[in-house]
Amino acid sequence: MRRRTPTAGLALALFAAVTATLTTTAASAAPAPVSAAPALAAAAPDISVTNVQAHLTQLNTIATNNGGTRRAGSAGYTASVSYVKAKLQAAGYTVTEQSCSTCTYPSNNLIAEWPQGPADQVVMFGAHLDSVSAGPGINDNGSGSATLLENALVLAQQNPSMTKRVRFAWWTDEEQGLNGSEFYVNQLSATQKSYIKGYYNFDMVGSTNGGYFINRLTSTTAAPLKAYWDSLNLQPEENVEGQGRSDDYSFQQAGIPTSGYAAGASARKTSAQAAKWGGTANSAYDSCYHRSCDTTSNISATVLNRSADGVAYAIWQLAVGGGTPTNDFSVAVSPTSGSVARGGSTTATVSTATTSGSAQTVNLSATGAPSGVTVSFSPSSVTSGGSATMTVSASATATTGTFTITVTGAGSVTRSATYTLTLTGTGGCTGGQLIGNSSFESGSTPWTASSGVITNSSSQAARTGSYKAWLDGYGSTHTDTLSQSVSIPAGCASYTLSFWLHIDSAETTTSVAYDKLTVQVGSTTLATYSNLNKASGYAQRSFDLAAYAGQTVTLKWTGVEDASLQTSFVIDDVTLQVG
């Protein structure tokens, strides 16, 4: 994925305006969006992640043998094209190399078409094959390239009947500004563009701290990609980071419906995303983005496997024929985990969806509950597409511990989802993040702070977003405070207060603490920092607040500055995570 597109927002706005005009004046010239066809009798195949990783190993070896890179126009890129091309030709594809005359580095796009299905009904799947100069580009974007290659080989091997023509593309010069895909689209006639009913892009689909992102998540075009990840209860999000930064943008500008998968680049995973997907909060989705360490070690096999299988599902949904649709549905539980104390109860929502064929009655049941715990559903059966409330109730003598409850939906087929239950002996742990407005982006509520402390001033940078809490920094006698009252539940296993602190000081002493920041819970001091702790950037500070379980306490930061030489105590991203 290329690093940035400075004018993407303006271009998108102009494109939207032009599209709206064309819709009202020449609607017949625009290609129709891809329909979310029902699953057909021929089920989508399982794509072997081992085979996808084998392609990545080959691309890594190619880079190693060619100066450590597969940059467009380099020997490493040419060898990458040759590797993919040979596999496709052997499988029976019609393969074309297109020379990009407007690319920054002269090089070729690779286009492969499976010669079945109507030629005027094309579904296209693409990924850029080039890397940056700094490294081999195995996640960015060997992952997308290898995923499409293995899907293409499986399609050829199974050779099903086709309702649409499937075309694959591997783009050059993406890292220099989407040049390869832009060249391809610009060479198409209006008629050829109208044949393409949807373009799907796959860029960085194996990030080690990855998320599950879909381009244009709520669009009709995205429906089959979303349906597959929904069936795994992944709760995908919109690919905000990648907007305008990969090859789907070239097709979008031409009025062709687009979507695609991504697992994230240099942006940081939020606490909420880490809670539902796993991984490390406040760390980049791909810590080796555009670096030499983007090798085969920089891949999550789990994320890669889910991406590869989702591509297969989309191909089979959109382009493969097979007769009468099979009635099928999915089951998901939200949230996927919960905690309850003896004598208490908790609830979750069980959602169903019709994934193919017609809606059907789904009977709900649960297994795996420990002794003394009952699980009930209201209603106990739903029509697929509907939802029910699951209530988990514990007796006063229920067995404590952590248990996996399997929620099963029974209809013409059986589908299930899991729910992790933590049962405690006393008290009720309502887990989660307790600090309100933790990054200060929503003003001062529910914080209490001295005037000017919560600010978006550019003189001191926020760690995330635009706002932070900036205490002191006046260079004169001054005191600032910041506080928030928090109710801490009992019965939880962990209670971690964390915040990020940057200390900037004009003091030059290495031995005298002239300016101080005190961190308190109620009247108890957790820590004191001073001008002696000054450093560039933010450092995370964490404390165990288990001693305050079951209490409502006030968290307070007090900054005191003496008569000369400023010290700034800048705080951001305050969290109190219990669970």
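The values are calculated or read from the model by the stated rules, or taken from the named source; none is laboratory data. Bear in mind the structure is a predicted one, so any value in this text is a computation, not a measurement. Every residue, glycine among them, receives a Cβ derived from its backbone with ideal geometry; neighbour counts consider all protein chains shown. Accessible surface is based on the protein model in full, side chains and every heavy atom, while ligands, DNA and RNA are left aside. Shrake-Rupley method; radii C 1.70, N 1.55, O 1.52, S 1.80 Å.
Return the aspartates and glutamates within reach of Lys468: Cα separation strictly under 12 angstrom, same-chain partners fewer than 8 residues apart disregarded; answer none if there are no such residues.
The qualifying aspartates and glutamates are Glu441, Asp572, Asp573.
To the nearest 10 square angstrom, what accessible area does Ser337 show with a 1.4 Å probe?
Approximately 60 Å² for this residue.
Could you work out what % of the accessible surface of region 415-520 is carbon and sulfur, using a 1.4 angstrom probe and leaving DNA, RNA and ligands out of the count?
45 percent
Run lengths n ≥ 4 of DSSP H only: what is the helix-derived mean residue ellipticity at 222 nm for the chain, with -39500 (n - 2.57) per run over all residues, to the nearest 500?
-6500 deg cm²/dmol
Sort out for me the Cα centre separation of region 266-301 from region 188-217, rounded to whole Å.
Region 266-301 and region 188-217 have Cα centres spaced 21 Å from each other.
Relative contact order for region 35-116: what percent, with Cα pairs under 8 Å and sequence separation of 6 or more?
With pairs under 8 Å counted, the relative contact order is 18 percent.
Which distance in Å, rounded to a whole number, links the C-alpha centroids of region 108-142 and region 439-498?
Rounded to whole Å, the Cα centres lie 47 Å apart.
Expressed as an acute angle from 0 to 90° and rounded to the nearest 10, what is the orientation of the C-alpha long axis of helix 8-25 relative to the principal long axis of the chain?
For helix 8-25, the angle is close to 50 degrees.
Which of the residue pairs Lys226/Lys276; Lys164/Lys197; Lys85/Lys197; Lys87/Lys226 have a Cα-Cα distance greater than 21 Å in the structure shown?
Lys85/Lys197; Lys87/Lys226
Quick check on packing: order 447-458, 201-212 by the mean number of other C-beta atoms within 10 Å, highest mean leading.
Top to bottom by mean Cβ count within 10 Å: 201-212, 447-458.
Below 8 Å, C-alpha to C-alpha, sequence gap of six or more: please give me the relative contact order for the chain in percent.
12 percent
What order do Leu153, Leu59 take when sorted by accessible area (1.4 Å probe), most exposed first?
Descending accessible area places them as Leu153, Leu59.
With a 1.4 Å probe and all protein chains kept in place, how much accessible area does Arg71 have, in Å² rounded to the nearest 10?
In the full protein context, Arg71 sits at about 50 Å².
What does the accessible area per residue of the chain come to in Å², with a 1.4 Å probe and no ligands, DNA or RNA counted?
Result: 40 Å² of accessible area for each residue.
Could you tell me what percent of the accessible area of region 211-269 is made up of carbon and sulfur, with a 1.4 Å probe and every protein chain present?
Percent of accessible area from carbon and sulfur atoms in region 211-269: 47.
Sequence gap at least 6, Cα distance under 8 Å: using those rules, report the relative contact order of region 85-188 to the nearest whole percent.
Numbers: 180 pairs, mean separation 38.5, N = 104.
Rounded, it is 37 percent for region 85-188.
For a bin width of 10 Å, list the pair-distance distribution of the chain built from all Cα-Cα distances, rounded to whole %.
Final binned percentages: 3, 15, 21, 21, 19, 14, 6, 1, 0.
Binning at 5 Å from 0, report for region 329-444 what percent of all alpha-carbon pair distances ends up in each bin.
2, 12, 21, 18, 14, 11, 9, 7, 4, 1, 0
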